[in-house]
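Have a look at the structure below before the remarks.
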Amino acid sequence: MASNGLKGIRTVRDLNVEGKTVFLRLDLNVPLDDGKISDETRITASLPTIRYLMDHGAKIVMASHLGRPKSAEDRQFSLEPVARRLSELLDAEVMLFDDPASDGVKSLLVGLKKNQLILLENVRFVPGETKDSEEFAQVIASYCDVYVNDAFGASHRAHATIHALPKLMKEKGVGLLIEKELTMLDQLIDNPKRPYLAVLGGAKVSDKIAVIEKFMDLVDGFLIGGAMAYTFLKSQGHPTGKSLVEADRVRFSGEMLKRIEARDKTVLLPIDHVVTKSITDTKSMRTTPGVAINDDELGVDIGPKTLVQFETALREAGTIFWNGPMGVFETPEFSRGTFGVAKAIAESQAVKIVGGGDSAAAAEASGHAGQMTHISTGGGASLEYLQGDKLPGLEVLRQRSR
Ligand code: ADP
Ligand code: MG
């Protein structure tokens, strides 16, 4: 498979932005805990492009979504904490503009000083955003000269500021974050070093089933942990106790295992587990001697024998893609498998790429984030890109002749 990569897409470096009003779509969708930013990765990842535009004399109108507000009254989804943090990090004045659906920004732009930037309030406060509304896009297009998308984590969605707006704009391209994301992810698509292993875990099989389906022909093997492992184990007839199992996926998962094996690819599933009586109870935790789980217990992490198997496989890998923790790593007692896998990935000589919000958090918490080749800021977007899907937010930026 060949990636579409940046083919036909200009980057911010190719655009003339001096003195122009640049609309910069970012992914500033950070987790908020009681109004406080609990992880600012997405903000810091956005800084290079903002700084580039500032250094090159652009008038900058930034925009992002945050969470899933039902209406503009949902103030807990305000970008206000983000605006404050951006001001500090950029040492500049970030003016939060309350009504993204109006063209009132125009008057702000007139007197905009060098050290001032505009941030539109949460674009999802506007109903037209998720509807890919051309009307909403036209309002923004009426005051912008150049469109730049650096919201990798949102580029798989055909929303107004990702899709309808750049359709209307002539001068457009991607920012430095998307450029880096695509360059990194393309290492998994264009002749990946073999063996290529996908380490999958996390909470829901149904979320990831499409991933396995599409990755079946790309990778040489799967290492499966996390809650999704139990649905697969159940399909093989193993007792899984009270573990999270998606009953309506058991048959399908079983068929999928057969199809993977028919392709002569390996699938490693847990051979032992850390189990407990309830997900919040660390006192009753124990390690099972084998694959079976008792009726009154549930699996919360892969066991030590499984970890050894996974470590051995990872040591030989040429390319590793990791999405989904091996257990409930947020609870320290149940984090050993996830952190062990993080360490094994970090220490392998492979090209190693991590995707997914919780996986990125797990890599960070393990202390091994710095040894990864790349940690993607986009969960769903990176998965779709790696599967070979066309991302609406990127396709709309491709120019035919170049
Ligand atoms: P990502 O965000 O990296 O794509 P997911 O959202 O799919 O990952 O899954 C992460 C969540 O899965 C974590 O919050 C973790 O606690 C949970 N999880 C992992 N293993 C289990 C398990 N055995 N039982 C319940 N939840 C689990
Ligand atoms: Mg998640």
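The values are calculated or read from the model by the stated rules, or taken from the named source; none is laboratory data. Remember, it's a predicted structure, so these values are computed and weren't measured experimentally. Every residue, glycine as well, gets a Cβ built from its backbone with ideal geometry; the counts of neighbours run over all protein chains shown.
Name the residues in region 334-384 that are outside any helix (DSSP H, G or I) and either within 25 Å of Met285 (Cα to Cα) or within 14 Å of ligand 1 (Cβ to nearest atom) (or both), would you? Walk me through it before giving the result.
Of the residues in region 334-384, the ones outside any helix (DSSP H, G or I) are 335, 348-356, 367-368, 372-378.
Result: Ser335, Ile353, Val354, Gly355, Gly356, Gly367, Met372, Ile375, Ser376, Thr377, Gly378.
Taken over region 19-67, the criterion of being under 17 Å from Leu90 (Cβ atoms) and of a type in the set (Lys, Arg) is satisfied by Arg42, Arg51, Lys59. Against the test of being farther than 26 Å from Gly35 by Cβ and in contact with a Leu (Cβ under 8 Å, 6 or more places away or on another chain), the options Lys106, Lys131, Lys59, Lys113 yield a single qualifying residue, Lys59. Figure legend. Inter-residue proximity from region 360-375: first residues under 17 Å from Glu333 (Cα atoms), second residues part of a loop (DSSP other than H, G, I, E, B) and among the acidic types (Asp, Glu), beta-carbon distance below 8 Å, spacing 6+ or different chains. Indicated pairs: Ala361/Asp39.
So, in region 275-306, of the ones that are under 19 Å from Asp358 (Cβ atoms) and among the aliphatic types (A, V, I, L, M), which residue ends up surrounded by the fewest Cβ atoms within 10 Å (Cβ to Cβ)? Per the criteria, the residue is Ile279.
Is region 226-235 home to any residue that is aromatic (Phe, Trp, Tyr), in contact with a strand residue (DSSP E or B) (Cβ under 9 Å, 6 or more places away or on another chain), over 23 Å from Ala363 (Cα atoms) and surrounded by 16 or more Cβ atoms within 10 Å (Cβ to Cβ)?
Within region 226-235, the first condition is being aromatic (Phe, Trp, Tyr), and the residues that meet it are 230, 232.
Retained after the next criterion (residues that are in contact with a strand residue (DSSP E or B) (Cβ under 9 Å, 6 or more places away or on another chain)): 230, 232.
From what is left, the residues that are over 23 Å from Ala363 (Cα atoms) are 232.
Now restrict to residues that are surrounded by 16 or more Cβ atoms within 10 Å (Cβ to Cβ): 232.
So far as region 226-235 goes, yes, one or more of its residues are aromatic (Phe, Trp, Tyr), in contact with a strand residue (DSSP E or B) (Cβ under 9 Å, 6 or more places away or on another chain), over 23 Å from Ala363 (Cα atoms) and surrounded by 16 or more Cβ atoms within 10 Å (Cβ to Cβ).
Tally the residues that are part of a helix (DSSP H, G or I), in contact with a Ser or Thr (Cβ under 8 Å, 6 or more places away or on another chain) and buried (at least 22 other Cβ atoms within 10 Å of the Cβ), restricting the search to region 386-402.
2
Considering region 1-114, the qualifying helices (runs of 4 or more DSSP H), each wholly inside and each with 2 or more residues that are touching a helix residue (DSSP H, G or I) at 6+ places or on another chain (Cβ under 7 Å) and either surrounded by 13 or more Cβ atoms within 10 Å (Cβ to Cβ) or aliphatic (A, V, I, L, M) (or both), run over 41-55, 80-90. Here is the figure for region 187-220: residues that are of a type in the set (A, V, I, L, M, F, W, C), under 17 Å from the mean Cα position of the chain (by Cα) and not in a helix (DSSP H, G or I) total 4. Just give me the residues in region 203-241 being touching a Ser or Thr at 6+ places or on another chain (Cβ under 8 Å), within 10 Å of ligand 1 (Cβ to nearest atom) and either under 16 Å from Thr306 (Cα atoms) or at pLDDT 95 or above (or both), in sequence order. Passing the criteria: Gly225, Ala227, Tyr230. Among the conditions (1) charged (D, E, K, R); (2) in contact with an Asp or Glu (Cβ under 9 Å, 6 or more places away or on another chain); (3) within 26 Å of Ala365 (Cβ to Cβ); (4) modelled with pLDDT of 95 or more, Asp39 misses just one, which is (4).
Quick one: is Thr331 within 12 Å of ligand 1 (Cβ to nearest atom) and more than 14 Å from Leu269 (Cα to Cα)? Yes; evaluated as a whole, the condition is true for this residue.
Taken over region 200-224, the residue count meeting the criterion of being more than 15 Å from ligand 2 (Cβ to nearest atom) and either among the aliphatic types (A, V, I, L, M) or closer than 19 Å to Leu314 by Cβ (or both) is 12.
Here's the yes/no breakdown for (1) among the aliphatic types (A, V, I, L, M); (2) free of Cβ contacts under 8 Å to residues at least 24 places away in the same chain:
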| residue | (1), (2) |
| --- | --- |
| Asp272 | no, no |
| Ser284 | no, yes |
| Thr288 | no, yes |
| Val300 | yes, no |
| Gly303 | no, no |
| Leu314 | yes, no |
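Against the condition within 11 Å of ligand 1 (Cβ to nearest atom), assigned to a loop (DSSP other than H, G, I, E, B) and either at negative phi or at pLDDT below 95 (or both), how does Leu244 come out, does it pass? Reasoning before the result, please.
Numbers: within 11 Å of ligand 1 (Cβ to nearest atom): yes; assigned to a loop (DSSP other than H, G, I, E, B): yes; either at negative phi or at pLDDT below 95 (or both): yes.
So Leu244 passes the test.
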